[in-house]
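For reference, the structure discussed in these notes is given below.
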Amino acid sequence: MEMKAKEKRNKYACACSIVASMISLLLGYDTGVMSGAMLFIKEDLKISDVQVEVLAGILNLCALIGSLTAGRASDWIGRRYTIVLASVIFFIGAVLMGLAPSYAILITGRCVAGVGVGYALMIAPVYSAEISSPSFRGFLTSMPEICISLGILLGYISNYLFAKLPLIYGWRTMLGIGAVPSLMLAVGILAMPESPRWLVMQGRLKEAQEVMLKVSNSKDEAELRFQEIKTAAGIDHETELLKRPTGEGVWKELLLRPTRPVRRILIAGIGIHFFEHATGIEPVVLYSPRIFKMAGIQSKNKLLIATIGVGVTKTLFIFVATFLIDKVGRRPLLLTSVGGMTVSLSGLGFGLTMVEHSEEKLLWALALCIACLITFVAFYSIGLGPITWVYSSEIFPLRLRAQGASLGVAVNRVMNGTTSMTFISLYKAITIGGSFFMFSGIAVLAWFFFFFFCPETRGRSLEEMEEVFSHAWWSTPK
């Protein structure tokens, strides 16, 4: 049942979502800081381009371990303690990277941090979705993407500030400083309430009702949402307690014998995560100094400043998206975003091709490359970036949400790791311009996928999603 009344954003729910989403800031920082740190690591440790690719992408492949186990863990220990676990794991990884005396230890630290990232990417949007009401769920579940973008920007700024330190200390300080906020976050999260939907799954109805009263704007709203959750969980009366879930049977229902709506939900959830990174955002964010250098900027200082511009753009447009997502809807933003990305990637490919085949410095081509790269990041940030996490965290039924979200994150990390670990080899094989033309072609496929397979979910409760996906995939059910 859709809530018709115009609701104010519940301040308590917003605060909880912001704190939970801070775990995503650590991922953003690690991604952003590594883009610049790799310039200094390559010089200090004398590593090859292949080793640089492995360093860039290994975090995402190791995040597979975290993402595939996070769903089961969050069903077992709860959403809140899963966030604590993610913070602790990331802390250990950041310390190892900051103290790394060799490439082997650096890779080890990045792998450990990757496991924490896998947990964080799955649990932050799920927790936010489960404490928010339909009217502002998009705003709250896009918080993790805001924090990722803010973290990337802080990583770029860290590159610029610590680049002035001696080579042996500079990149280690850049990477190691991420341990400080992760430890603070692990402590701060303990003051947050548990997800009311998880509490219902545990049969702890009284606690769930108390939390629901805090995250709702009125007693009537809290009661309505509480009843919807109980109905979705198969609880008819207050005295009926649900058996503690262990995750048994979930993978069978999700992958082997899904109902028609669940099959559609699974395709949409996996597809949106696949295309988020298949369209090339990770190479742009991670290798932006290298791309700017190929476009014609040679000074290391200017490269880092230009990269900060990418971070600022990403953060600003993510903020814009958060205020539009519940007003405009998921589909319009998603389709507009991918359309703009397609044009920007084509322009970037053309500009880089012209620079590569010219013996003279082409100022117009340099300007085109910078403009298209910034525009690409802006279009990505206003749609595909935040909506991927909003959409995938809200469409799965309660009984399948944790495992379904973890599967989506696993696909996300595979694509992220694949694009980041192969980008240098890719552009050496088909040219730098050709690689972005390829990403542009994939973006066209993404647009058609979203048009046909991703129905609108704005304003629908989490308990209604199976009904939404029972209708035509390109329509919004009434």
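The values are calculated or read from the model by the stated rules, or taken from the named source; none is laboratory data. Everything numeric in this text was worked out from a predicted model, so none of it was measured. All Cβ positions, glycine included, derive from the backbone under ideal geometry; neighbour counts span all protein chains shown. To get the accessible areas, we keep the full protein, side chains included, count just its heavy atoms, and leave off ligands, DNA and RNA. Shrake-Rupley method; radii C 1.70, N 1.55, O 1.52, S 1.80 Å.
Summed over region 180-194, residues that are assigned to a helix (DSSP H, G or I) and not aliphatic (A, V, I, L, M) total 3.
Screening F40 against (1) assigned to a helix (DSSP H, G or I); (2) open to solvent by 40 Å² or more (accessible area, probe 1.4 Å); (3) farther than 30 Å from L254 by Cα leaves a single unmet condition, (2).
Across region 195-204, the qualifying residues are those that are in contact with an Asp or Glu (Cβ under 6 Å, 6 or more places away or on another chain) and assigned to a helix (DSSP H, G or I), and the one among them that is surrounded by the fewest Cβ atoms within 10 Å (Cβ to Cβ) is L199. Of all residues in region 45-82, those that are open to solvent by 10 Å² or more (accessible area, probe 1.4 Å) and outside any helix (DSSP H, G or I) total 3. Of the helices (runs of 4 or more DSSP H) lying entirely inside region 396-478, those containing at least 1 residues that are closer than 30 Å to E356 by Cβ span 401-430, 432-453. Among the residues making up region 340-361, those that are open to solvent by less than 20 Å² (accessible area, probe 1.4 Å), in contact (Cβ under 8 Å) with a residue 60 or more places away in the chain and of a type in the set (G, A, S) are G349, G351. The residues in region 338-396 that are small (G, A, S), at pLDDT below 90 and more than 26 Å from T322 (Cβ to Cβ) can be counted, and the count is 3.
Where helices (runs of 4 or more DSSP H) sit wholly within region 131-179, those with at least 1 residues that are modelled with pLDDT under 80, open to solvent by 10 Å² or more (accessible area, probe 1.4 Å) and not polar (S, T, N, Q) occupy 137-141, 143-162. Considering every residue within region 83-91, establish whether at least one is surrounded by 19 or more Cβ atoms within 10 Å (Cβ to Cβ) and either touching an Asp or Glu at 6+ places or on another chain (Cβ under 6 Å) or within 30 Å of K327 (Cα to Cα) (or both). Yes, because at least one residue in region 83-91 is surrounded by 19 or more Cβ atoms within 10 Å (Cβ to Cβ) and either touching an Asp or Glu at 6+ places or on another chain (Cβ under 6 Å) or within 30 Å of K327 (Cα to Cα) (or both).
The set of residues from region 268-296 being assigned to a helix (DSSP H, G or I) and more than 18 Å from the chain's Cα centre (by Cα) comprises S288, P289, R290, I291, F292, K293, M294, A295.
Only one of the numbered conditions (1) farther than 14 Å from R399 by Cβ; (2) modelled with pLDDT of 55 or more is violated by T239, and that is (2). So in region 435-463, with the set limited to residues that are under 21 Å from R225 (Cβ atoms) and polar (S, T, N, Q), which one is surrounded by the fewest Cβ atoms within 10 Å (Cβ to Cβ)? This residue is S461. Identify the residue in region 260-295 that is under 17 Å from T422 (Cα atoms) and aromatic (F, W, Y) and, among all such residues, is surrounded by the most Cβ atoms within 10 Å (Cβ to Cβ). The qualifying residue surrounded by the most Cβ atoms within 10 Å (Cβ to Cβ) is Y287. Answer yes if at least one residue in region 297-305 is touching a residue at least 40 places away in the same chain (Cβ under 8 Å), of a type outside the set (F, W, Y), crowded, with 18+ Cβ neighbours inside 10 Å and within 18 Å of A443 (Cβ to Cβ), and no otherwise. No: region 297-305 contains no residue that is touching a residue at least 40 places away in the same chain (Cβ under 8 Å), of a type outside the set (F, W, Y), crowded, with 18+ Cβ neighbours inside 10 Å and within 18 Å of A443 (Cβ to Cβ).
Does at least one position in region 421-430 carry a residue that is open to solvent by 10 Å² or more (accessible area, probe 1.4 Å), among the small types (G, A, S) and at pLDDT 90 or above? There is at least one residue in region 421-430 that is open to solvent by 10 Å² or more (accessible area, probe 1.4 Å), among the small types (G, A, S) and at pLDDT 90 or above.
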